[in-house]
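Let me begin by presenting the structure, written as structure tokens, before commenting on it.
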Ligand code: AMP
């Protein structure tokens, strides 16, 4: 494996200037990343942070590019967090391509990549548990018990380790965005949060690392998900307001496709995911669908005044 730290030193020594493409430091240890970020912060630089689980695609890159635009230093973490997987098989099958990811991060001009091992992130046991209530127990939290507890724990740890000014998350994981927003508020992290739109392929399918596990046929089936979300949007915009009827319509549309197995299909208040009987204000239409045993999520926001 290429030693990027070494490469950086060589380039630094050679030209006195870090080449944009090769200037990324890759660090495994908390102490190291903390020190590096601290040095930058002491120089008055604004730190942007993008946490990821790797197998990067254009969705991740959209967050990184926004961070590059807004911040002086961009930190990206790659960590497949075992605590947020309630299903061992799902964790074991999570796609990994470290070499490819580092290549992409370097070409995007990322400054620091934090790549901790599980042992570095967690001790034997963790005493602290974070998160309670409907927000973490509905939708993905209902289908994946403990998922958001694991997400919040790792996100809180990463925020404490990296100490960013601004963090970047994707709307694709809408519930996660709301959960992290609450985490930042409740624990007074004093961090700005940016939520960026879902990046889709040319057929509208939300990009996801998990898409790599689908066959051509699975991909074709998965591309219908967003079309169904858009059809619900059209129904809302043409005046349908009864949520139970809209959900029934949505579930019926999914049942037409044999390759799409609905885990949940919901319409909730966008602000806090609370249940509603009638459409009023901004709502999120959110689904989780199993395709060839791969769990895909997607959502759209619809505003109705
Ligand atoms: P992950 O690696 O799946 O944990 O995702 C890391 C971050 O990238 C999260 O904030 C996700 O919401 C975001 N993300 C993943 N897929 C997309 C996408 N298609 N468009 C925008 N952001 C995304």
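Values quoted throughout were computed directly from the atomic coordinates according to the rules given, and no laboratory measurement underlies them. Just so it is clear, the structure is predicted and the values come from calculations on it, not from any experiment. Neighbour counts are summed over all protein chains in view; Cβ atoms, including those assigned to glycine, are modelled from backbone coordinates with ideal geometry.
Provide the percentage of antiparallel DSSP beta bridges, counting only those with both residues in the chain; round to the nearest 5.
Bridges in the chain that DSSP calls antiparallel: roughly 55 percent.
Compute the angle between helix 174-186 and the longest alpha-carbon principal axis of the chain, please, reported from 0 to 90 degrees and rounded to the nearest 10.
The angle comes out at about 60 degrees.
Between residue 215 and residue 120, what length in nm is gained on full extension when 0.36 nm per residue of separation is reduced by their alpha carbon distance? Mind dumping the intermediate values first?
Details: separation 95, 0.36 × 95 = 34.20 nm, distance 3.50 nm.
Net length gain for the segment: 30.7 nm.
Please say if the range 69-140 is rounded, prolate or oblate, where rounded means a/c under 1.5 for a ≥ b ≥ c the square roots of the C-alpha gyration tensor eigenvalues, and otherwise the choice is prolate for a/b larger than b/c and oblate otherwise? Don't skip to the answer; put the middle values down first.
Values: a/c = 1.86, a/b = 1.58, b/c = 1.18.
Prolate is the answer for the range 69-140, as a/c is 1.5 or above and a/b outweighs b/c.
Angle between the Cα long axis of helix 4-15 and the longest principal axis of the chain, 0 to 90 degrees, nearest 10?
50 degrees
For labels at residue 244 and residue 292 in the simple 7 Å Cα→Cβ model, what's the distance in nm?
3.8 nm
What number does the range 150-305 give for Rg over Rh if you use C-alpha atoms and the Kirkwood radius?
1.00
When the distances between all Cα atoms of the chain are binned every 10 Å from zero, what whole-number percent does each bin get?
6, 25, 33, 23, 10, 3, 0
Packing-wise, with mean Cβ within 10 Å as the measure, how do 233-242, 164-173 rank, highest first?
By packing density, highest mean first, the sequence is 164-173, 233-242.
Do me a favour and compute the ellipsoid semi-axes for the range 165-232 from its Cα gyration tensor, root of five times each eigenvalue, largest one first, whole Å.
Semi-axes, largest first: 30, 12, 10 Å.
If you take the Cα Rg of the range 206-286 and divide it by 2.2 N^0.38 Å, with N the number of residues, what do you get?
Against the compact-globule rule of thumb, the ratio is 1.17.
Please list 56-67, 38-49 highest first by mean number of surrounding beta-carbon atoms within 10 Å per residue.
Those peptides, ordered most packed to least, come out 56-67, 38-49.
Hey, what number do you get for the chain at 222 nm if only DSSP H runs of n ≥ 4 count, each worth -39500 (n - 2.57), divided across all residues, to the nearest 500?
-12500 deg cm²/dmol
Highest first, please rank the peptides 292-302, 213-223 by the mean number of other Cβ atoms sitting within 10 Å of their residues. Could you put the intermediate results ahead of the total?
Details: 292-302: 18.8, 213-223: 16.3.
Taking the mean over residues of other Cβ atoms within 10 Å, the ranking is 292-302, 213-223.
Starting from the Cα gyration tensor of the range 245-305, take the square roots of the eigenvalues, sort them a ≥ b ≥ c, and report rounded, prolate or oblate (rounded when a/c is under 1.5, otherwise prolate if a/b is larger than b/c, else oblate).
Taking the square roots of the gyration eigenvalues as a ≥ b ≥ c, the range 245-305 is prolate.
Rounded, prolate or oblate: which one fits the range 48-201, using the alpha carbon gyration tensor with axes a ≥ b ≥ c (rounded when a/c is under 1.5, else prolate when a/b beats b/c, else oblate)? Spell out each step's value before the answer.
Values: a/c = 1.43, a/b = 1.26, b/c = 1.13.
It is rounded, given that a/c, with a ≥ b ≥ c, falls under 1.5.
In the calculated pair distance distribution of the range 22-112, what percentage of Cα-Cα distances lie above 21 Å?
On the way: 1420 of 4095 pairs.
Every Cα pair in the range 22-112 considered, those over 21 Å come to 35 percent.
For the Cα atoms of the chain, what angle does the longest principal axis make with the long axis of helix 30-42, in degrees from 0 to 90, nearest 10?
80 degrees
Report the far tail of the P(r) of the range 111-210, meaning the percent of Cα-Cα pairs longer than 19 Å.
Tail of P(r) above 19 Å: 52 percent of Cα pairs.
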